[in-house]
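K.L.:
One structure, pasted below without further comment.
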2 protein chains.
Amino acid sequence: MSQLDTVQRILDAAEVLFAERGFTETSLRTITSTAGVNLAAVNYHFGSKKELIQAVFERFLTPFTTSLDAELARLATEEEGSLQLDDLLQSLYRVALAGLASQGRDPRRFMRLLGLAYTQSQGHLRRFIVSRYGDSYRRFAGSLATALPHVDPVTFYWRLYFMLGATVFSLSSFDAIEAILREDFGAESSLEETLARLAPAAVAMLTAPVPAEGG
Amino acid sequence: MSQLDTVQRILDAAEVLFAERGFTETSLRTITSTAGVNLAAVNYHFGSKKELIQAVFERFLTPFTTSLDAELARLATEEEGSLQLDDLLQSLYRVALAGLASQGRDPRRFMRLLGLAYTQSQGHLRRFIVSRYGDSYRRFAGSLATALPHVDPVTFYWRLYFMLGATVFSLSSFDAIEAILREDFGAESSLEETLARLAPAAVAMLTAPVPAEGG
DNA sequence: CGACAATTTAAACGTTTGTTTTAACCGCCA
DNA sequence: TGGCGGTTAAAACAAACGTTTAAATTGTCG
């Protein structure tokens, strides 16, 4: 078993287990036994559990961010003026879905991990993500902002977080919500259908009329 | 120090610490030393850590649910026909804010705990909340649904989760988001202002036009 | 006061955690 | 063949965890 195999197997097992149980609830022993490698392999190849967590995020955030940046650049050269809101959101979803699916990875796991990064108070992970991918995030947010010139900046950013919360929360709990709806209405929902519902909801939220200030 | 004191002090400390760090990351030793009580007091008064977690949620979810039910009943008798969407959401926010503030508790902590209940995979807690407060939740969701007769049930419920995600996520991370916006725009946001931004965004999302089916 | 139940205390329980250590193993080049 | 870095292996490390035990203390009522 070569080095590359071991590193890969650890990352694969950790990604699944972290998404299922969270970071603290997943022990290195569970990860290494799932991966079929020795316990000490994590500390040997990654240094510590914290660095393993960061490596898991790096492996799927780097290609995602790269694709999103490329897609944004392509859009900017295609269209002359400012970008349309629909195009931007569609780019985001297309990159998230297609980019990950092409790697044979589950987008729901992706979202679940993203949700964990925000909700589990892993300070080191938050810092790692911000320092590594903050620029791309700000670039995308800036494009969205210029597509919404009539929304004041503070309101816009709050709505951006509303949107982020709606996306991360609903997609990271996709399986649980889907099971409830299936039981209550007998209707199955695919991930694509859910994104098709999420996109117009996000647009409606971002473009909602801004109530007059003065509270 | 009477029994009531000890139980109360443990609940107070646990509520704050759980909201700050999560359940697994908060040890009983941290809780008891913060509360100024003996380590064994938790197991003596609550039985186990799991039951302590449930007790923390019970203490703030029971009065909240009771108030919401009462507010809903009051609304139903006041207005004859079906309830307005605005009234329902305003009731929800008013109860959440005023009800908790009157107890001298922080609504942000409330939201942070609610977010943890969903994202941290504590199966026992999820079951506890559903079995205890599921009826009230379904009653409120039903009122919302009848206020949106032109939205098909499945779409409605997905939007409900979008809304829940937007609320829980943005309010539970309120301090962090507020700090970012203050640094970038020099604009302070109060919790009330944020709810005043969240309400119309939620309405816009719930009332957004439903795209034609057939995907 | 004396006794009995409730509560608090200190100490220890057995597990599990992340990490480190030391020896064994492997492929490769001299 | 012999040694040599890179990797794996088994074992042990100290620390932290939730929980339990048994003695000390407190409050209450006859």
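K.L.:
Open to solvent by 60 Å² or more (accessible area, probe 1.4 Å) and closer than 16 Å to B:ALA55 by Cβ: which single residue out of B:ARG127, B:ARG139 fits that description?
P.N.:
The match here is B:ARG127.
K.L.:
Restricting to the stretch A:188-209, count the residues that are farther than 15 Å from A:TYR93 by Cα and either open to solvent by less than 30 Å² (accessible area, probe 1.4 Å) or charged (D, E, K, R) (or both).
P.N.:
Number satisfying all stated conditions: 6.
K.L.:
Test of understanding: among A:ASP87, A:ASP12, which residue is under 23 Å from the mean Cα position of the chain (by Cα), within 30 Å of A:PRO149 (Cα to Cα) and open to solvent by 20 Å² or more (accessible area, probe 1.4 Å)?
P.N.:
Exactly one residue qualifies, and that residue is A:ASP87.
Conditions tested, residue by residue: (1) aliphatic (A, V, I, L, M); (2) within 22 Å of B:GLN84 (Cα to Cα); (3) open to solvent by 30 Å² or more (accessible area, probe 1.4 Å); (4) within 19 Å of the chain's Cα centre (by Cα).
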| site | (1), (2), (3), (4) |
| --- | --- |
| B:SER143 | no, yes, no, yes |
| B:ASP152 | no, yes, yes, no |
| B:LEU160 | yes, yes, no, yes |
| B:VAL168 | yes, no, no, yes |
| B:ALA179 | yes, no, yes, no |
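K.L.:
Filter the stretch B:29-44 for residues that are in contact (Cβ under 8 Å) with a residue 24 or more places away in the chain and within 11 Å of DNA strand D (Cβ to nearest atom) and give the result.
P.N.:
Of everything in the stretch B:29-44, those that are in contact (Cβ under 8 Å) with a residue 24 or more places away in the chain and within 11 Å of DNA strand D (Cβ to nearest atom) turn out to be B:ALA41, B:VAL42.
K.L.:
Please enumerate the residues belonging to the stretch B:20-44 that are within 14 Å of chain A (Cβ to nearest Cβ) and either over 23 Å from A:GLN120 (Cβ atoms) or exposed (fewer than 14 other Cβ atoms within 10 Å of the Cβ) (or both).
P.N.:
Matches in the stretch B:20-44: B:GLU20, B:SER27.
K.L.:
Residues that are touching a residue at least 12 places away in the same chain (Cβ under 8 Å) and within 10 Å of chain B (Cβ to nearest Cβ): list the helices (runs of 4 or more DSSP H) wholly contained in the stretch A:117-215 that include at least 1 such residues.
P.N.:
A:153-172, A:174-185, A:191-206
K.L.:
May I ask you to list the residues in the stretch A:45-59 that are more than 16 Å from DNA strand C (Cβ to nearest atom) and surrounded by 20 or more Cβ atoms within 10 Å (Cβ to Cβ)?
P.N.:
A:PHE57
K.L.:
From the list A:ARG108, A:ARG94, A:ARG112, which residue is open to solvent by 40 Å² or more (accessible area, probe 1.4 Å), within 12 Å of chain B (Cβ to nearest Cβ) and at pLDDT below 90?
P.N.:
A:ARG112
K.L.:
Kindly evaluate B:LEU68 against the criterion of being in contact with a Ser or Thr (Cβ under 9 Å, 6 or more places away or on another chain), within 14 Å of another protein chain (Cβ to nearest Cβ), away from DNA strand C (no atom under 16 Å from the Cβ) and farther than 22 Å from B:ASP5 by Cα.
P.N.:
Criteria not met by B:LEU68.
The values are calculated or read from the model by the stated rules, or taken from the named source; none is laboratory data. Since this is a predicted model, take the numbers as computed values, not measurements. All Cβ positions, even for glycine, are placed from backbone atoms using ideal geometry, and neighbour counts span all protein chains on display. The area values use the complete protein model at the heavy-atom level, side chains included, leaving out ligands, DNA and RNA. Shrake-Rupley method; radii C 1.70, N 1.55, O 1.52, S 1.80 Å.
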